[in-house]
Amino acid sequence: MKPIKQINRMLLLACAPFLGIMIWLLSIQAALQLPAAAASVSTDFSLHDEVQLMSSKLDQAKEDAVQTSSLIEKYFQVYEQSSADTAAMLKQAKAQASLPKFVYDKRISVKLGSPTKQTASGNIDVKLFTLHEKNYQGYAMKVNLKSDKAIKLVLGKDKLGSSETTLEAANRYGALAGVNAGGFADDNKGRRFPLDTTVMNGDYLNGFFPSNKDTIFIGLSKERKLIGGKFNQKAELDKLGPQMGTTFVPTLLKDGKKLSIPLHWQTSPARAARTIIGNYKDDQLLFLVTDGNNEDGTSGATLAELQDKLIALGVRDAYNLDGGGSSTLIFDGALINRPSDGKLRPLATHFLLFK
């Protein structure tokens, strides 16, 4: 063997271990790098997938939000329309509910003619009419009581046994209107007391008195409804819940029908100034006051004439209050009727109306 070949072979043998080591190291590096590269690729693919998934979810959420917003907007549109429709229906229902009452009020008002004075407030509606009848001159005051503050029964000078004119009482209280109330009795000391049963503010002023010699109780219940008639026991009247009331005679109408007038009251006096309180079926009140020139029974109206007039006006129940020189109608601080005494008479009780 040639020397050069031998040298080459020795060099190869000497380097072989080193080459082996190098190849081994390279194989380890490649093995070590491959998992890292694979992990990197895997991680890149995982992040990409998650981003894609999140993007898809965001797109879906956005789409859902748009749809939800649209639904909410439609809901509020429907709600607003529904509220508007409900308000319109309530308004229409209210108008329709009040229509029969309005029509009825028109129907009874036209029978009275055109009002000469009128006042409306949150407490009361009042219309004043003048009546020109064949045998007498009169005045009608139609009253719609809208609150408990609209009407009050008062004593003369607010003291039992005292008296004052209805004009004085109305001015003292600042009342819109005033009408004389029940009968009275005088004692030997010049004091003037209400006749029999009198109720003020729900209390019996001087106890209960059974109906006697055709006397009747005339007043208003706690529900502001006209009540009246003969009562032999306090419990009978208590059932009606009287808030205010006084006593006189007689009952003229009951449920739209005329009642018999006691003989004494047909002739003594035959004609006189009169004061009547009545009601309509909707519980509006009607005060009717007639003029009289004197106290001899030849001037004014008969009770029978007033019964006919009240029926013609559509009144349901009606009661006679004190009359003659006691008959008084005050409106807006002025005397409306012409008292048969020629002047106002001091009285024990008065009905006052308030704005």
Restricting attention to segment 269-283, the residues that are over 11 Å from Tyr136 (Cβ atoms) and in contact with a Phe, Trp or Tyr (Cβ under 9 Å, 6 or more places away or on another chain) number exactly 7
Cross-chain or 6+ apart pairs with Cβ under 6 Å, segment 143-170 first and farther than 20 Å from Leu220 by Cβ and crowded, with 16+ Cβ neighbours inside 10 Å, then of a type in the set (Gly, Ala, Ser) and modelled with pLDDT of 95 or more:
Ser163/Gly156; Ser163/Ala348; Glu164/Gly156
Criterion: assigned to a loop (DSSP other than H, G, I, E, B) and either at pLDDT 95 or above or in the same structural domain as Arg172 (by TED's automatic domain parsing) (or both) - qualifying residue of Leu306, Leu344, Leu352, Leu286
Leu344
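Residues checked against (1) without any contact (Cβ under 8 Å) to a residue 60 or more places away in the chain; (2) surrounded by fewer than 17 Cβ atoms within 10 Å (Cβ to Cβ):
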position: Lys258; (1), (2): yes, yes
position: His264; (1), (2): yes, yes
position: Arg271; (1), (2): no, no
position: Ile276; (1), (2): yes, no
position: Tyr280; (1), (2): no, no
position: Leu285; (1), (2): no, no
position: Asp291; (1), (2): no, no
position: Asp296; (1), (2): yes, yes
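Test Thr247 against the stated conditions and say whether it is at pLDDT 95 or above, assigned by TED's automatic domain parsing to the domain that holds Lys142 and of a type in the set (Val, Ile, Thr).
It is true that Thr247 is at pLDDT 95 or above, assigned by TED's automatic domain parsing to the domain that holds Lys142 and of a type in the set (Val, Ile, Thr).
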Phe209 vs. criteria touching a strand residue (DSSP E or B) at 6+ places or on another chain (Cβ under 9 Å), assigned to a loop (DSSP other than H, G, I, E, B) and at pLDDT 95 or above
yes
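Mind checking which residues of segment 110-141 are surrounded by fewer than 15 Cβ atoms within 10 Å (Cβ to Cβ) and over 25 Å from Ala304 (Cβ atoms)?
Ser114, Thr116, Gln118, Ala120, Ser121, Gly122 - these are the residues of segment 110-141 that are surrounded by fewer than 15 Cβ atoms within 10 Å (Cβ to Cβ) and over 25 Å from Ala304 (Cβ atoms).
Does Lys189 meet the test of being more than 18 Å from Asp332 (Cβ to Cβ), among the basic types (Lys, Arg), in the same structural domain as Gln307 (by TED's automatic domain parsing) and free of Cβ contacts under 8 Å to residues at least 40 places away in the same chain? Full working, then the answer.
Working: more than 18 Å from Asp332 (Cβ to Cβ): yes; among the basic types (Lys, Arg): yes; in the same structural domain as Gln307 (by TED's automatic domain parsing): yes; free of Cβ contacts under 8 Å to residues at least 40 places away in the same chain: yes.
Yes, satisfied.
Tell me, which residue of segment 330-341 that is assigned to a strand (DSSP E or B) and touching a residue at least 40 places away in the same chain (Cβ under 8 Å) is surrounded by the fewest Cβ atoms within 10 Å (Cβ to Cβ)?
Leu335
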Just to be sure, is Gly325 in the same structural domain as Arg271 (by TED's automatic domain parsing), outside any loop (DSSP other than H, G, I, E, B) and touching a Lys or Arg at 6+ places or on another chain (Cβ under 7 Å)?
yes
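The values are calculated or read from the model by the stated rules, or taken from the named source; none is laboratory data. Source: prediction; values computed, not measured. As a convention, Cβ positions derive from the backbone with ideal geometry for all residues, glycine included, and neighbour counts pool all protein chains shown.
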